[in-house]
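Everything below concerns the one structure shown next.
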Amino acid sequence: MTAFDPALIRPALNANFIGGKAVLGQGRCFDVLRPSDGGLLGELRSADATQLAEAVENAAHAQKASGWGTMEPRGRMRLLRRWADLIEADADYLAPLEAVGSSRTMAEIRAWDLPYTAECIRFFAEFADKHGGEIGATTPDKLGFTLTEPYGVVGAIAPWNLPLVMAAWKLGPALAAGNAVVLKPSELTPFSVVRLAELAIAAGIPAGVFNVVQGGGADIGDALVRHERVGKVSFTGSTRTGQAIMAACAQTGPKPSTLELGGKSPQLVFADADLAKASALVARAITLNAGQVCVAGSRLLVHEKARDEVVDRISAAFNAHTLGTTWDGGTTMGPIISEGQLATIDGMVQRARAAGAEAVIGGGRATAPQAGSYYQPTLLAGVAADSEAVQGEIFGPVLTVQSFADEDEAYALANGTRYGLAAGVHTSDISRALRAVRSLEAGTIWVNRYGRSDDFILPTGGFKQSGVGKDLGRDAYLASCKVKTALIQT
Ligand code: NAD
């Protein structure tokens with residue numbers, strides 16, 4: 001078998017996709033690097049302000065002129081389903097393209113990201129002909145009802161950690177509801193979503209309904225949010241950017257925004273849990289995608305009686321990881337997305353150590369593989385509850401450990417950050433599990449598991465500074481629609 005050569009993966013240079021065509025950007029030029037080995041993946045030409053405006057105007061026109069928002073809903077559903085089929089069938093192209101440009105391993109992309117992306121679009125496609133509004137319980141002399149209508153153009157802005165999956169979370173509900181979408185991917189992972197746009201055209205989705213614009217957040221991202229024809233914004237990324245986007249939506253609308261933001265999610269292990277199973281889940285929840293997951297379980301809170309056993313088991317699980325390129329079949333943990341992100345992670349770890357934290361395992365950059373941006377799975381003990389390591393989102397494979405004496409202390413520690421995205425609870429006591437679900441301030445609570453299921457049924461979203469609104473589930477579809485009320489006097 002010939003070795004996989006990342007240099008053979010050449011992304012399209014015309015990486016903006018506007019009005020159904022690939023377009024060379026007239027804006028700033030970026031070098032996009034491969035996180036696995038630091039090699040040059042491609043040069044990205046971002047859109048300029050004029051092209052961004054064209055993309056939005058074009059999308060607004062296409063949404064109306066093509067009949068995308070007014071066609072028979074089942075027709076829209078069929079086109080979206082055909083698109084999902086083409087995405088799945090394109091795995092031999094899409095998987096290597098996504099793998100060389102991101103932190104996702106090829107194996108994970110084939111087994112999970114691609115089927116999940118396609119299924120997510122299918123899930124939302126089904127809503128197209130299943131929700132049109134409601135009849136109100138009025139007196140017999142009137143008829144009151146609601147109609148759901150698309151916003152027109154949804155501006156979608158995505159992060160780099162799961163490029164295709166994050167795009168699907170936004171595209172599925174917005175398109176199924178009859179909107180056009182202008183998507184700006186992260187400038188670190190710009191290429192794979194362009195293929196989604198090409199496949200949308202191949203599936204028969206009208207030109208201009210799904211557009212991709214490339215560029216930095218402060219220029220192109222901000223201009224997209226502020227454009228007057230963008231009726232709704234759907235954003236996933238950091239809390240700081242989410243706050244800026246909400247302010248821009250207020251100033252230029254007000255227009256609604258769905259904000260999926262950062263997290264610092266606790267994993268609570270009680271002494272009555274199956275400690276072997278709980279430790280394996282805790283270790284996985286912070287090393288999946290090298291910790292670059294919004295819901296990464298980054299704070300271990302463990303009962304003092306179980307602490308030593310759980311720490312030993314997690315250390316063994318961390319030790320068993322093989323770091324490597326995303327395309328090596330033996331890799332169990334891939335790279336950090338960029339040198340900049342690696343420096344951010346390491347800065348937080350070294351400041352914690354200088355303040356007295358102990359690196360039980362890991363604690364620095366991995367020296368092998370030599371090229372690329374790799375970080376050791378790291379467990380930090382001796383961290384204060386108000387320290388940066390416990391309070392701040394590190395977004396890397398770094399777990400802090402704190403112990404507790406009783407349930408009240410566990411919940412106080414768990415709720416003691418500004419974030420509230422997710423939490424994990426490991427216990428064999430059903431009453432305690434129910435108390436934990438009630439007590440924890442987070443948008444999602446997982447009990448004796450960690451991570452969402454793959455059926456899209458349940459909504460996801462954060463409390464506190466982890467976000468506003470929901471992705472996935474019926475909530476995400478409804479959030480892509482305006483509700484119009486009619487009241488008819490008979
Ligand atoms: P980021 O906020 O730096 O960037 C996200 C996107 O926003 C990028 O496309 C960027 O170009 C754009 N952007 C930046 N400034 C902007 C501005 N002023 N206006 C408009 N767009 C702007 O986040 P990131 O580093 O790409 O991603 C990591 C973050 O995303 C983490 O905080 C992580 O927790 C979060 N995240 C959250 C979820 C969730 O579901 N809650 C999922 C994945 C990632």
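The values are calculated or read from the model by the stated rules, or taken from the named source; none is laboratory data. Only a predicted model underlies this, so the values are computations on that prediction, with no experimental measurement involved. Every residue, glycine as well, gets a Cβ built from its backbone with ideal geometry; the counts of neighbours run over all protein chains shown. Calculation scope for accessible area: heavy atoms of the full protein, side chains included, ligands and nucleic acids excluded. Shrake-Rupley method; radii C 1.70, N 1.55, O 1.52, S 1.80 Å.
Which of the helices (runs of 4 or more DSSP H) contained wholly in the range 294-400 include at least 2 residues that are under 22 Å from V269 (Cβ atoms), in contact with a strand residue (DSSP E or B) (Cβ under 6 Å, 6 or more places away or on another chain) and not basic (K, R)?
The helices (runs of 4 or more DSSP H) meeting that bar are 307-319, 388-391.
What number of residues in the range 166-184 are near the ligand (Cβ under 9 Å from one of its atoms) and in a helix (DSSP H, G or I)?
Qualifying residue count, the range 166-184: 2.
Assess whether E88 counts as being free of Cβ contacts under 8 Å to residues at least 60 places away in the same chain, assigned to a helix (DSSP H, G or I), open to solvent by 60 Å² or more (accessible area, probe 1.4 Å) and of a type in the set (D, E).
It is true that E88 is free of Cβ contacts under 8 Å to residues at least 60 places away in the same chain, assigned to a helix (DSSP H, G or I), open to solvent by 60 Å² or more (accessible area, probe 1.4 Å) and of a type in the set (D, E).
Give the residue that is nearest to the ligand (Cβ to nearest atom), with candidates limited to residues of the range 117-143 that are out of contact with any Lys or Arg (no Cβ under 9 Å at 6 or more places or on another chain) and in a loop (DSSP other than H, G, I, E, B).
It comes out as K130.
All but one of (1) in contact with a Phe, Trp or Tyr (Cβ under 9 Å, 6 or more places away or on another chain); (2) more than 30 Å from A405 (Cα to Cα); (3) within 16 Å of the ligand (Cβ to nearest atom) hold for E339; which doesn't?
It is condition (1) that E339 fails.
Looking only at the range 221-236, filter to residues that are within 11 Å of the ligand (Cβ to nearest atom) and free of Cβ contacts under 8 Å to residues at least 60 places away in the same chain; which one of those is nearest to P190 (Cα to Cα)?
Within the range 221-236, the match that is nearest to P190 (Cα to Cα) is D222.
Only one residue in A49, A84, A65, A91 is in contact with a Leu (Cβ under 6 Å, 6 or more places away or on another chain) and among the small types (G, A, S). Which one?
None of the others qualify; the one that does is A91.
Just the residues that are near the ligand (Cβ under 7 Å from one of its atoms) and either acidic (D, E) or open to solvent by 10 Å² or more (accessible area, probe 1.4 Å) (or both), please, taken from the range 237-255.
Of everything in the range 237-255, those that are near the ligand (Cβ under 7 Å from one of its atoms) and either acidic (D, E) or open to solvent by 10 Å² or more (accessible area, probe 1.4 Å) (or both) turn out to be G237, S238, R240, T241, A244, I245.
I'm trying to understand the selection: among the residues of the range 421-456, which are open to solvent by 20 Å² or more (accessible area, probe 1.4 Å), hydrophobic (A, V, I, L, M, F, W, C) and part of a helix (DSSP H, G or I)?
Residues satisfying the conditions are I430, L434, V437.
Given the criteria crowded, with 24+ Cβ neighbours inside 10 Å, assigned to a strand (DSSP E or B) and within 12 Å of the ligand (Cβ to nearest atom), does A156 qualify?
yes
Do you know which residues across the range 363-386 are closer than 28 Å to A414 by Cβ and either open to solvent by 30 Å² or more (accessible area, probe 1.4 Å) or at pLDDT below 95 (or both)?
Across the range 363-386, the qualifying residues are Q376, G382, A384, A385, D386.
Would you be able to tell me the number of residues in the range 204-220 that are part of a helix (DSSP H, G or I) and either more than 16 Å from the ligand (Cβ to nearest atom) or not charged (D, E, K, R) (or both)?
3
Among the candidates A405, A381, A442, which residue alone is of a type outside the set (S, T, Y) and within 15 Å of the ligand (Cβ to nearest atom)?
A442
Using beta carbons and a limit of 7 Å, which pairs, at least six apart or on different chains, have the first residue in the range 388-414 and at positive phi and the second one open to solvent by 10 Å² or more (accessible area, probe 1.4 Å) and modelled with pLDDT under 95?
Between residues of the range 388-414 that are at positive phi and residues that are open to solvent by 10 Å² or more (accessible area, probe 1.4 Å) and modelled with pLDDT under 95, there is no close pair.
Q350 fails exactly one of the following numbered conditions: (1) open to solvent by 10 Å² or more (accessible area, probe 1.4 Å); (2) closer than 19 Å to L33 by Cα. What is the number of that condition?
(2)
Matching residues to (1) within 16 Å of the ligand (Cβ to nearest atom); (2) outside the structural domain of K482 (by TED's automatic domain parsing); (3) assigned to a strand (DSSP E or B):
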{"residue": "F145", "(1), (2), (3)": "no, no, yes"}
{"residue": "N161", "(1), (2), (3)": "yes, no, no"}
{"residue": "T189", "(1), (2), (3)": "yes, no, no"}
{"residue": "A202", "(1), (2), (3)": "no, no, no"}
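Of all residues in the range 388-402, which are acidic (D, E) and either surrounded by fewer than 23 Cβ atoms within 10 Å (Cβ to Cβ) or more than 16 Å from the ligand (Cβ to nearest atom) (or both)?
E388
Which members of the range 185-236 meet the condition of being under 16 Å from T252 (Cβ atoms) and either buried (at least 24 other Cβ atoms within 10 Å of the Cβ) or of a type in the set (K, R) (or both)?
Passing the criteria: I220, G221, L224, V225, R226, R229, V230, K232, V233, S234, F235.
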